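Student: Could you have a look at this structure, given as C-alpha coordinates, before my questions?
The values are calculated or read from the model by the stated rules, or taken from the named source; none is laboratory data. Everything numeric in this text was worked out from a predicted model, so none of it was measured. Cβ placement follows ideal geometry from the backbone for every residue including glycine, while neighbour counts extend to all protein chains displayed. Please note that ligands, DNA and RNA were not included when accessible areas were found on the heavy atoms of the full protein model with its side chains. Shrake-Rupley method; radii C 1.70, N 1.55, O 1.52, S 1.80 Å.
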Amino acid sequence: ISQAYRLSDHVISLVDGKIIDSSLENLFDGMIGDDNGSQTAKISDRISIAVVSDIRGPAHVCIPPEDILLSFGPIDSSARNSFKGIVKKIRIDRQTVKIYTDIDHGIALISLITRKSFDSMKLSVGSDIYVIFKTTSVNVF
(Lines give C-alpha, C1' and ligand atoms only; values in the text may rest on other atoms or scores of the structure.)
Protein backbone atom coordinates (compact mmCIF):
# COMPACT_ATOMS: atom_id res chain seq x y z
CA ILE A 1 0.00 0.00 0.00
CA SER A 2 2.80 2.42 0.88
CA GLN A 3 4.41 1.88 -2.52
CA ALA A 4 1.08 2.52 -4.27
CA TYR A 5 0.82 5.89 -2.52
CA ARG A 6 4.40 6.80 -3.43
CA LEU A 7 4.11 5.82 -7.11
CA SER A 8 0.66 7.13 -7.98
CA ASP A 9 -1.05 10.48 -8.28
CA HIS A 10 -4.29 9.17 -6.78
CA VAL A 11 -5.20 6.01 -4.88
CA ILE A 12 -8.76 4.78 -4.41
CA SER A 13 -9.33 2.70 -1.29
CA LEU A 14 -12.02 0.03 -1.24
CA VAL A 15 -13.55 -1.58 1.85
CA ASP A 16 -16.31 -4.14 1.45
CA GLY A 17 -16.63 -3.10 -2.20
CA LYS A 18 -17.21 0.58 -1.36
CA ILE A 19 -14.91 3.48 -2.17
CA ILE A 20 -13.75 5.24 0.98
CA ASP A 21 -12.07 8.62 1.25
CA SER A 22 -9.34 7.45 3.64
CA SER A 23 -6.05 5.70 3.62
CA LEU A 24 -6.23 2.04 4.56
CA GLU A 25 -3.60 2.65 7.22
CA ASN A 26 -4.96 2.64 10.77
CA LEU A 27 -8.05 0.73 9.64
CA PHE A 28 -9.78 -1.33 12.33
CA ASP A 29 -12.97 -3.31 12.73
CA GLY A 30 -14.88 -2.01 15.71
CA MET A 31 -18.13 -2.15 17.59
CA ILE A 32 -19.73 1.29 17.91
CA GLY A 33 -21.66 1.88 21.11
CA ASP A 34 -22.18 4.29 23.97
CA ASP A 35 -19.83 4.50 26.94
CA ASN A 36 -20.97 6.82 29.73
CA GLY A 37 -22.78 9.10 27.26
CA SER A 38 -19.99 9.16 24.67
CA GLN A 39 -19.73 7.18 21.45
CA THR A 40 -16.84 4.76 21.27
CA ALA A 41 -15.52 2.18 18.86
CA LYS A 42 -14.21 -0.86 20.71
CA ILE A 43 -11.33 -2.20 18.57
CA SER A 44 -9.88 -4.66 21.10
CA ASP A 45 -10.62 -5.98 24.57
CA ARG A 46 -8.75 -3.03 26.11
CA ILE A 47 -8.86 -0.27 23.49
CA SER A 48 -11.88 1.92 22.77
CA ILE A 49 -11.64 4.99 20.55
CA ALA A 50 -13.90 8.02 21.02
CA VAL A 51 -15.83 8.63 17.78
CA VAL A 52 -18.65 10.71 16.33
CA SER A 53 -21.00 8.64 14.18
CA ASP A 54 -24.62 7.81 13.42
CA ILE A 55 -23.61 4.16 13.02
CA ARG A 56 -24.28 1.69 15.84
CA GLY A 57 -22.94 -1.85 15.98
CA PRO A 58 -20.21 -3.28 13.74
CA ALA A 59 -18.28 -0.74 11.66
CA HIS A 60 -14.90 0.09 10.20
CA VAL A 61 -12.83 2.77 11.91
CA CYS A 62 -9.97 4.65 10.25
CA ILE A 63 -7.62 7.29 11.67
CA PRO A 64 -5.63 9.26 9.07
CA PRO A 65 -1.91 9.09 9.94
CA GLU A 66 -1.48 12.83 9.37
CA ASP A 67 -4.11 13.57 12.06
CA ILE A 68 -2.19 11.79 14.82
CA LEU A 69 -0.05 13.93 17.13
CA LEU A 70 2.94 12.53 18.98
CA SER A 71 4.01 13.63 22.46
CA PHE A 72 6.39 12.40 25.14
CA GLY A 73 3.64 12.82 27.75
CA PRO A 74 -0.09 13.31 28.03
CA ILE A 75 -1.25 16.77 26.96
CA ASP A 76 -4.18 18.87 28.11
CA SER A 77 -6.23 19.46 24.96
CA SER A 78 -9.62 18.94 23.35
CA ALA A 79 -8.41 15.66 21.79
CA ARG A 80 -10.26 12.82 23.53
CA ASN A 81 -8.11 9.97 22.21
CA SER A 82 -4.73 9.57 23.88
CA PHE A 83 -2.84 6.28 24.12
CA LYS A 84 0.59 5.50 25.51
CA GLY A 85 2.68 3.27 23.31
CA ILE A 86 6.13 2.32 22.17
CA VAL A 87 7.76 3.10 18.83
CA LYS A 88 8.19 -0.17 16.93
CA LYS A 89 9.30 1.02 13.49
CA ILE A 90 10.37 4.22 11.75
CA ARG A 91 10.24 4.80 8.00
CA ILE A 92 11.97 7.94 6.79
CA ASP A 93 11.08 9.43 3.40
CA ARG A 94 12.48 12.69 2.06
CA GLN A 95 10.36 15.21 3.97
CA THR A 96 8.10 12.96 6.06
CA VAL A 97 8.51 10.16 8.57
CA LYS A 98 6.06 7.37 9.39
CA ILE A 99 6.14 6.28 13.01
CA TYR A 100 4.67 2.86 13.82
CA THR A 101 3.55 2.77 17.46
CA ASP A 102 2.24 -0.28 19.34
CA ILE A 103 -0.42 0.93 21.78
CA ASP A 104 -1.64 -2.45 23.03
CA HIS A 105 0.24 -5.65 22.19
CA GLY A 106 -0.46 -5.81 18.48
CA ILE A 107 -2.72 -2.76 18.06
CA ALA A 108 -0.51 -0.48 15.99
CA LEU A 109 -1.09 3.11 14.94
CA ILE A 110 0.85 4.77 12.14
CA SER A 111 1.46 8.50 12.39
CA LEU A 112 2.92 10.79 9.77
CA ILE A 113 5.13 13.69 10.86
CA THR A 114 7.54 16.00 9.13
CA ARG A 115 11.23 15.20 8.98
CA LYS A 116 11.90 18.39 10.94
CA SER A 117 9.59 17.27 13.78
CA PHE A 118 11.20 13.83 13.79
CA ASP A 119 14.69 15.32 14.03
CA SER A 120 13.72 17.67 16.87
CA MET A 121 11.96 14.91 18.85
CA LYS A 122 14.91 12.52 18.45
CA LEU A 123 12.58 9.51 18.27
CA SER A 124 14.01 6.01 18.00
CA VAL A 125 12.71 2.46 18.04
CA GLY A 126 11.82 1.67 21.65
CA SER A 127 10.88 5.26 22.58
CA ASP A 128 7.84 5.65 24.84
CA ILE A 129 5.38 7.97 23.15
CA TYR A 130 1.76 9.13 23.35
CA VAL A 131 -0.40 9.08 20.23
CA ILE A 132 -3.16 11.68 20.35
CA PHE A 133 -6.01 12.43 17.95
CA LYS A 134 -9.34 14.21 17.96
CA THR A 135 -12.64 12.38 17.89
CA THR A 136 -13.58 14.25 14.72
CA SER A 137 -10.49 12.85 12.96
CA VAL A 138 -11.83 9.30 13.19
CA ASN A 139 -13.65 8.12 10.06
CA VAL A 140 -16.41 5.58 10.70
CA PHE A 141 -18.09 3.63 7.88
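Student: Check 88, 42 and return the single one that is of a type in the set (Lys, Arg), closer than 19 Å to residue 141 by Cβ and touching a Ser or Thr at 6+ places or on another chain (Cβ under 7 Å).
Tutor: Details: 88 fails: closer than 19 Å to residue 141 by Cβ.
Exactly one residue qualifies, and that residue is 42.
Student: Output the qualifying pairs, or none if there are none: Cβ atoms under 6 angstrom, residues six or more apart or on different chains, first residue in the stretch 114-141 and under 20 Å from residue 34 (Cβ atoms) and modelled with pLDDT of 95 or more, second residue among the hydroxyl-bearing types (Ser, Thr, Tyr) and in a loop (DSSP other than H, G, I, E, B).
Tutor: Correct list of pairs: empty, since none qualify.
Student: Now for a different question. I need the full set of residues from the stretch 30-51 which are at pLDDT 95 or above and either open to solvent by 80 Å² or more (accessible area, probe 1.4 Å) or β-branched (Val, Ile, Thr) (or both), in order please.
Tutor: Of everything in the stretch 30-51, those that are at pLDDT 95 or above and either open to solvent by 80 Å² or more (accessible area, probe 1.4 Å) or β-branched (Val, Ile, Thr) (or both) turn out to be 31, 32, 40, 42, 43, 47, 49, 51.
Student: How many residues does the stretch 54-81 contain that are in contact (Cβ under 8 Å) with a residue 12 or more places away in the chain and either crowded, with 16+ Cβ neighbours inside 10 Å or among the charged types (D, E, K, R) (or both)?
Tutor: Let us first name the residues in the stretch 54-81 that are in contact (Cβ under 8 Å) with a residue 12 or more places away in the chain, namely 55-75, 77-81.
Pick out the ones that are also either crowded, with 16+ Cβ neighbours inside 10 Å or among the charged types (D, E, K, R) (or both) and you get 56, 59-70, 79-81.
Going through the stretch 54-81 one residue at a time, the tally reaches 16.
Student: Would the stretch 88-109 turn up any residue that is among the β-branched types (Val, Ile, Thr), part of a loop (DSSP other than H, G, I, E, B) and open to solvent by 20 Å² or more (accessible area, probe 1.4 Å)?
Tutor: The initial filter retains those residues of the stretch 88-109 that are among the β-branched types (Val, Ile, Thr), namely 90, 92, 96-97, 99, 101, 103, 107.
Filter once more, so that each one left must be part of a loop (DSSP other than H, G, I, E, B): none.
Within the stretch 88-109 (the criterion being among the β-branched types (Val, Ile, Thr), part of a loop (DSSP other than H, G, I, E, B) and open to solvent by 20 Å² or more (accessible area, probe 1.4 Å)), the answer is no, since none of the residues qualifies.
Student: Does residue 85 satisfy the criteria of being assigned to a loop (DSSP other than H, G, I, E, B) and at pLDDT 95 or above? Explain how you work it out, then say what you get.
Tutor: Details: assigned to a loop (DSSP other than H, G, I, E, B): no; at pLDDT 95 or above: yes.
Criteria not met by residue 85.
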